[in-house]
1. Let me spell out the model: positive unit charges on the Cβ of Lys and Arg, negative unit charges on the Cβ of Asp and Glu, origin at the Cα centre of the stretch 127-213. What dipole size does that give, in debye rounded to 20?
2. Could you rank the peptides 330-338, 266-274 by their average count of other C-beta atoms within 10 Å per residue, with the highest value first?
3. Based on the Kirkwood radius over alpha-carbon pairs, what is the Stokes-Einstein translational diffusion coefficient of the stretch 127-213 at 20 °C with 1.002 mPa s viscosity, in µm²/s?
4. Return TRP400, TRP502 ranked ascending by Cβ neighbour count within 10 Å, so the fewest neighbours appear first.
5. Quote to one decimal, in nm, the extra length available between ALA462 and ILE163 on full extension: 0.36 nm per residue of separation minus the C-alpha distance between them.
6. Using a 10 Å cut-off on Cβ atoms, rank the peptides 345-352, 232-239 from the highest mean neighbour count down.
7. Name the residues whose placed amide hydrogens come within less than 5 Å of the amide hydrogen of VAL264, ignoring near sequence neighbours (fewer than 5 apart) on the same chain.
8. Based on the mean of other beta carbon atoms within 10 Å per residue, what is the order of 412-420, 159-167, most packed first?
Amino acid sequence: MKLLQIMRVWSALPKVTAMVLSLIFITFLSGVCPEEICVKEGEIVAEFFNECNHSEILWRSFTMQGMHLHNNTPAAEHRQMGVMVQRGILVILNASEKHEGNYSCSFKNSSRQISLKVYTAQSRECEQMNQISRECYTEESCKLYCPEKNIPFNTLNITTSSITWHKEGGSSPKDGYFPSVKKEESGIYTCTRFYLYDGQIYNMTSMVKLDVQPNKITKKAVIISPENNQVFEVDLGSTVVIHCKAVMMSDTDDLYWLSGNSFVDKDTSLPVFYKETWVDSREEINKTTSLIFRKVSEDDLSKNYTCVLQSAYQPSFVTITLKQKASRSYTSLGVCFVIIVVVMFVTVVTYVKFKVDITLFLRDTLKWSGSISDGKSYDAFLMCYKCDTAGGLNASDKRWLESVLEEKFGYSLCLYDRDVLPGKAIADAVLDCVEQSRAVVLVPVSPDPDPESGLLSAIHEALVERQTRLVFITTETSMASKSDSFPEALQLLSKAGNCVTWKGISSMPTSSSFWKQLRYYLPAPQQAPTVKLLPLTVQDVTS
């Protein structure tokens, strides 16, 4: 009876007085100031307290005749009051002035008190309480988030329908997203959440203040190395260090490694870990995070490793993998070695077989000559020796030999019958010619007298002493029986020099092997030929 009388007295009090007294009463009972909540007229309100989230807990309203609100309130009364409690959650579907006032919920030693204030569309006194701020930078993407209370609406059979955005006097962003926000898009945006309950739609609005600032970040934080999807070839069991280098714009940026989806630790006792190195400058921060494998295992080859740059501006990452190095193959090395050996062999064989032609080609093409003066007056001394067989050179062949050497190939010859002064001893004259010549050519002739063996021996000694080049011309018949037909002095000379075989008419053309070998063994002439002979035929020579 006393409680009923108190309720009647309470209901008879003016509205403002009742709210003040109820606020004082709640504060006196709990010792906690009530939480002030502003809601727009006609919108849905939902409040709960963790300790009050229980089916047996009652919400008390000190505005609507001190009613107790609980889960067992009939649905008809819900619609009449516009207030319901489900699973300990206080829900006002369509807020109005009659719902203004104080509400409390208590459980054991915990309690929650709220003071609900309803404002109209024309009244803006409570808008700032429901307003949040969002800061973005020009020319960057920007996403606005519509505030949502952490209320389990799905347990109340209340479902979220949709969200809309609106800005007075401006365009509304689709889904609250700006691909590239501009300074003029700053302002206050209203987001409206729609809820569906018992076939009717209810709404809840919030205010978001967007402040678009000039983009002060001139450089982006970026990973310099390694490259994304780069593959590192490694040896199993080896120690491998992979450096991830990045340029960062803030101390809050972070650089770290992932192994698959797991973080790599800094513990140096682990098989795989990482360590960091910082280098600060006035404008940027350079950081290197090194991924270290103590001993690469087969398990490491099957994983992806990702270097992540966590930046306030925009996160980035690169992923690398390890690959076992292919076993060294010596096939290519062996092939190269065989090729080199074959090339060297072919080169040597070619040179040995064509060394005469190669040497003469270089002399004729590059104009090689004995340009360094050695004090000699003649290129060669032609000395005749008697050939007992019929294969020696006759007078005409001898003159042809001398003429070709001097006029065709430019050799300066010392001829005994032309360049030796009369009255001089034969031995002294011959030795003087040998002394003034770079080479000595012994020519086999049939009618000439045979030089004395003593003279030949002296020539041999002079050649050996002075290291003079000797070319010994033989014939095919004399080569077959030289051991019998040559005196001992000639045999010594033939062994000391280079032999060239005269084959008669076949040796007369200047392109024959006789001339090639003779020129090859003789030194290059010091002077170019003054007169070039016209090609002669065999008939011209024999006539």
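The numbers here are math on the coordinates, done by the rules we state, and not lab data. It should be emphasised that the depicted structure is a prediction, and the values quoted were computed from it without experimental measurement. Methodologically, a virtual Cβ is constructed for each residue, glycine included, from the backbone with ideal geometry; neighbour enumeration extends over all protein chains shown.
1. Roughly 100 debye, rounded to the nearest 20.
2. Numbers: 330-338: 9.4, 266-274: 13.9.
Packing order, densest peptide first, comes out as 266-274, 330-338.
3. Result for D is 154 µm²/s.
4. Ascending number of Cβ neighbours within 10 Å: TRP400, TRP502.
5. Working: separation 299, 0.36 × 299 = 107.64 nm, distance 12.06 nm.
Taking 0.36 nm per residue and subtracting the Cα distance, the gain is 95.6 nm.
6. Final packing ranking: 232-239, 345-352.
7. TRP257, LEU258, SER259
8. Working: 412-420: 15.4, 159-167: 13.6.
Output ranking for 412-420, 159-167: 412-420, 159-167.
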